[in-house]
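Student: Quick one: the structure is below, and I'll ask about it shortly.
The values are calculated or read from the model by the stated rules, or taken from the named source; none is laboratory data. Being a predicted model, the structure only gives us computed values, none of them experimental. Here the Cβ positions follow ideal geometry from the backbone for every residue, glycine too, while neighbour counts run over all protein chains shown. These area figures cover heavy atoms from the full protein model, side chains too; ligands, DNA and RNA do not enter into them. Shrake-Rupley method; radii C 1.70, N 1.55, O 1.52, S 1.80 Å.
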Amino acid sequence: MNDFIDWLAQQWQAFIDWCYEIIIFILNAFMWLALQTFERLLEGFRFVFAMIDPPQFIQSGISALTSGIPSDIGYLLGATGFSDALALIGLGYTFRLTRKVLTLFQW
């Protein structure tokens with residue numbers, strides 16, 4: 001009788017292990033599907049952003065943009081720390097947009 005109970009316990013454990021493997025397989029399949037969907041979504045974003053042409057003043061470079069500024073104004077901007085102010089403003093906008101993207105535009 002003990003042999004039968006041991007055999008039954010082994011069969012039950014094998015069935016539980018088989019169910020566990022099936023659940024793990026299904027979870028891995030869902031994870032694979034989610035990763036494939038995310039990859040296709042990112043490829044779509046990359047395609048859309050590649051199709052957008054940058055403005056003319058960006059294509060020629062920032063040196064072409066700043067070369068039109070007279071030297072007196074350039075000195076004034078340099079002395080007042082205008083570049084640092086623009087860097088802080090850009091950092092603020094970058095933080096805000098990153099926060100919006102990470103929270104799925106909930107803020």
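Student: Could you list, in sequence order, the residues of segment 82-107 that are open to solvent by less than 100 Å² (accessible area, probe 1.4 Å) and either of a type in the set (A, V, I, L, M, F, W, C) or farther than 30 Å from residue 72 by Cβ (or both)?
Tutor: The answer is 82, 85, 86, 87, 89, 94, 98, 99, 100, 101, 103.
Student: In addition: Residues that are under 33 Å from the mean Cα position of the chain (by Cα) and not small (Gly, Ala, Ser): find the helices (runs of 4 or more DSSP H) completely inside segment 1-82 holding 2 or more of those.
Tutor: 2-51, 56-59, 62-66
Student: Continuing with the same structure: Whether any residue in segment 64-78 is exposed (fewer than 10 other Cβ atoms within 10 Å of the Cβ) and either of a type in the set (S, T, N, Q) or at positive phi (or both) is what I want to check.
Tutor: yes
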